[in-house]
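Below is one structure, written out as structure tokens; the observations come after it.
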């Protein structure tokens with residue numbers, strides 16, 4: 001299944017990226033914009049969506065500073081094997 | 001005293017850390033893919049950009065094979081120092097409280113700062129004088145220390161180092177530059193003591209942290 005994890009700065013923690021964007025918009029003529037926050041979108045295929053919360057708590061999100069929301073997207077099929085050659089934390093590459 | 005300096009892919013301050021350690025003892029590199037700590041007496045996690053800092057700073061390095069051994073070593077009371085990216089890794093690993101966030105100004109900062117020693121009862125500040133101000137450089141983009149409950153951290157005496165004279169470069173909570181765990185054997189800081197170990201570098205104040213570790217009875 002395809003899923004999205006939306007990661008946001010925790011409410012109450014200063015978000016300088018959000019502030020910078022909020023200040024830039026009026027400079028381009030966009031008025032009336034407030035409460036801008038910049039987070040992260042993680043898209044992934046998972047065989048077992050029940051593991052998503054555990055994945056978030058252990059790696060995808062730092063719960064001290066971030067909130068998250070899992071958005072399952074059953075309407076979209078998994079994309080198949082990753083075309084990735086990036087190093088992993090297992091020390092086998094890099 | 002034998003120091004082990006951990007090298008991840010993307011670490012860049014390992015050689016300076018190795019040189020700093022070698023000024024007060026023996027020092028060797030520990031590769032992130034190895035589990036063996038080779039019987040070292042203290043571990044240094046140096047600065048850099050482990051695993052490209054992908055996802056979050058320190059988030060992926062924290063799961064490397066060597067970190068399992070470092071966590072066990074720390075739990076047994078072994079002295080562990082995390083510098084900059086190493087501090088971020090130790091926070092992600094849960095060995096130190098809190099987390100590091102992007103600097104308030106969103107800019108990379110590289111400058112000499114004054115750092116006040118708040119605690120001398122830790123594995124890496126025992127050779128310092130209480131209240132001593134160390135001149136050490138910072139160089140980071142993600143150095144704003146955040147603690148969910150700073151009052152509890154202060155009350156527990158876990159704030160080890162603080163930026164001096166309104167010189168907080170990154171907006172960190174309570175001007176905190178470095179903290180320790182409850183047992184005081186694990187210390188993390190954003191400034192770089194390994195870049196301040198000789199007068200030729202502008203300051204030798206950073207050496208005191210490594211000398212402190214060399215004083216600790218071998219566990």
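We did not get these values from a lab; they are worked out from the coordinates using the rules stated. Source: prediction; values computed, not measured. Note that we place each Cβ from the backbone using ideal geometry, even for glycine, and neighbour counts take in every protein chain shown.
Take peptide B:85-92, look around each residue's Cβ out to 10 angstrom, count Cβ atoms belonging to other protein chains, and average those counts. It would help to have the intermediate numbers written out before the result.
On the way: counts 0, 0, 0, 0, 0, 0, 3, 3.
Whole-number average of other-chain Cβ neighbours for B:85-92 is 1.
Within 10 Å of each residue's Cβ, count the other Cβ atoms and sort A:22, B:92, B:28 from fewest upward.
Values: A:22 16, B:92 25, B:28 13.
In order of increasing Cβ crowding within 10 Å: B:28, A:22, B:92.
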Candidates B:188, B:143, B:157, ranked by Gaussian network fluctuation over chain B, Cα under 10 Å, top entry: B:157
Compute the Cα gyration tensor for the protein assembly as shown, then decide on rounded, prolate or oblate, letting a ≥ b ≥ c be the square roots of its eigenvalues: rounded whenever a/c is under 1.5, prolate when a/b is larger than b/c in the other cases, and oblate in all that remain. oblate
Unit-weight point scatterers at every alpha-carbon of segment A:2-73, Debye formula, q = 0.12, 0.22 1/Å: log10 I(q)/I(0) is -0.42, -0.91
Please give the helix A:16-27 orientation as an angle from the longest Cα principal axis of chain A, in degrees from 0 to 90, rounded to the nearest 10. 50
With springs only between Cα atoms under 10 Å apart, run a GNM on chain B and tell me which of B:83, B:176, B:109 wobbles the most. B:109
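Provide a whole-number value for the mean count of partner chain Cβ atoms within 10 Å of the Cβ atoms in peptide B:60-71.
Mean shielding count: 2.
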Most fluctuating residue given options B:79, B:148, B:102, as computed from a GNM of chain B linking Cα atoms under 10 Å: B:148
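Show me the three semi-axes of the equivalent ellipsoid for chain B, from the C-alpha gyration tensor (sqrt of 5 times each eigenvalue), largest first, rounded to whole Å. Spell out each step's value before the answer.
On the way: eigenvalues 99, 75, 60 Å².
Result for chain B: semi-axes of 22, 19, 17 Å.
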Give the share of C-alpha pairs in each 10 angstrom bin for segment B:107-219, from 0 to the last occupied bin, in whole percents, shortest bins first. 15, 48, 32, 5, 0
Sorting B:165, B:32 on the 10 Å Cβ count, fewest up front, what's the list? B:165, B:32
How do B:146, B:63, B:3 line up, fewest other C-beta atoms within 10 Å first? B:63, B:146, B:3
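Using a 10 Å cut-off around each Cβ of peptide A:56-67, what is the average number of partner chain Cβ atoms that fall inside? Present the calculation step by step, with values, prior to reporting the outcome.
Values: counts 0, 0, 1, 7, 3, 3, 11, 2, 10, 8, 2, 0.
Mean inter-chain Cβ contacts per residue within 10 Å come to 4.
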